[in-house]
Amino acid sequence: MSSILIIEDDNSIGDMMSIYLMEDGYTVKRASDGQSGLRLFKEFEPDLIVLDIMLPDSDGMKLCADIRSLSSLPILMVSAKNDVSDRVKALLIGADDYLCKPFSMRELSARIQALLRRSQIVKAKSAPVTREAPPSIHVDTDKRCLYVNHTPVETTFSEFELIKLLWLHEGKVFSREELLNRIRGIDSFVTERAIDVHIANLRKKIEVDPKDPKYIKTVWGVGYKFVLAAE
């Protein structure tokens, strides 16, 4: 569950927020002044901060700006000040939301959930995209075996003949008719349509994504080719 830091000098409000949010399942830490709040922020590394504007030792607005310069975590400011100018200033210096006192605990919880949800979406979009490494493909013509990542992969007789031909002539484009002639007589039921079926089955066995093949490429209007170094 997410962790929340509350920086609030009013003990009754601070205790009420802490208890309510803990009951909601959050891990909660609380500070009653700006200095201890900044210390807890660095030690605790919360997922969200609830920050009061009026603090005994510092200006909540400045503290918000200081925290924002160090982190992009969501900041929800709370205050008895409900002037539009105060709300606008808080948002401009880096707050993500502003809640005027008095407020209900249900509304506080709902706003926190919304901010955390938005934060997770942003993190997901900014996270680096990891791609699965392409497999290593090898054809042992003597043993009549296809290896994917050094692991033998079972093939039919016709499938092996096709992958062997393509693998031995990397980059060469073969028409369906040429591939058909290669295995004609081995597979008495082979047709040009059967070639497509064999190719589809081979892709399932060697490609990371058979629908986006990197090794057995379709050359539209002609046939197929094999690219050993996946493009």
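Just so you know, all these numbers are worked out from the coordinates, no wet-lab data involved. Nothing here was measured: the structure is a model prediction, and the numbers come from that model. Ideal geometry is used to build each Cβ from the backbone, glycine not excepted, and the neighbour counts take in all protein chains shown.
Could you check how many percent of all C-alpha pairs in the range 24-67 are farther apart than 11 Å? Present the calculation step by step, with values, prior to reporting the outcome.
Numbers: 608 of 946 pairs.
Tail of the P(r) past 11 Å holds 64 percent of the pairs.
Using Cβ contacts closer than 10 Å as the measure, can you line up Thr155, Thr141, Thr27 from fewest to most?
Working: Thr155 21, Thr141 10, Thr27 14.
In increasing order of surrounding Cβ atoms, one gets Thr141, Thr27, Thr155.
Any chance you could get the radius of gyration and Dmax over the Cα atoms of the range 3-126, in Å?
13.2, 39
Normalising by the residue count of the chain, find the relative contact order in percent from Cα pairs under 8 Å and 6+ residues apart. Don't skip to the answer; put the middle values down first.
Details: 324 pairs, mean separation 27.5, N = 231.
It comes to 12 percent, rounded to a whole number.
Show me the helices of the chain, taken as full DSSP H stretches, that run 30 Å or more along their long axis by Cα and average -0.5 or above in Kyte-Doolittle hydropathy. Walk me through the intermediate numbers first.
On the way: long enough: 105-126 (32 Å, -0.31).
Membrane-span-like by this criterion, though nothing is claimed about a membrane: 105-126.
For Arg117 and Ala80, FRET efficiency with R0 = 25 Å and r from the beta-carbon atoms, rounded to 0.05?
On the way: r = 27 Å, r/R0 = 1.09.
So the FRET efficiency works out to roughly 0.35.
Checking the table Lys164/Lys225; Lys172/Lys214; Lys42/Lys81; Lys42/Lys62; Lys164/Lys205; Lys62/Lys89 against a 22 Å threshold on Cα-Cα, which pairs fail? It would help to have the intermediate numbers written out before the result.
Working: Lys164/Lys225 12 Å; Lys172/Lys214 15 Å; Lys42/Lys81 28 Å; Lys42/Lys62 16 Å; Lys164/Lys205 14 Å; Lys62/Lys89 11 Å.
Pairs exceeding 22 Å: Lys42/Lys81.
Would you pull out the residues with amide H under 5 Å of Leu55's amide H, same chain only if 5 or more places away, H placed 1.01 Å from N?
Gly60
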